[in-house]
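Report on the structure given below.
The values are calculated or read from the model by the stated rules, or taken from the named source; none is laboratory data. The shown structure was predicted, so the numbers you read here are calculated from the model rather than taken from an experiment. Cβ: placed from backbone, ideal geometry, glycine included. Neighbour counts: every protein chain shown.
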């Protein structure tokens, strides 16, 4: 009997709508998206700070201000991914 090929695992990587790296107007929605991407492990903190010219202190202030909304965004996208 021939061997079956291994089953493809569904990707559990969440997708985030990160803004472009230049000339961004930092409204709350964009900050939440960036914080959520880092919290979910979809983007590295050092990469985000470099891409958007943020200091660690500035990012941390975003996380403190928008962390709860970012957590809800991650949970929402996780649930949506399980349904599809």
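Which count do you get for residues in the range 44-71 that are within 16 Å of residue 22 (Cα to Cα) and assigned to a helix (DSSP H, G or I)?
6
Please go through the range 12-21 and pick out each residue that is more than 10 Å from the chain's Cα centre (by Cα) and under 15 Å from residue 49 (Cβ atoms).
19, 21
Taking residue 41, is it out of contact with any strand residue (DSSP E or B) (no Cβ under 7 Å at 6 or more places or on another chain), over 22 Å from residue 68 (Cα atoms), in a loop (DSSP other than H, G, I, E, B) and at pLDDT 60 or above?
When the stated conditions are applied, residue 41 does not pass them.
Suppose the filter is assigned to a loop (DSSP other than H, G, I, E, B), at pLDDT below 95 and surrounded by fewer than 16 Cβ atoms within 10 Å (Cβ to Cβ); does residue 25 pass it?
Here the answer is yes, as residue 25 does meet what is asked.
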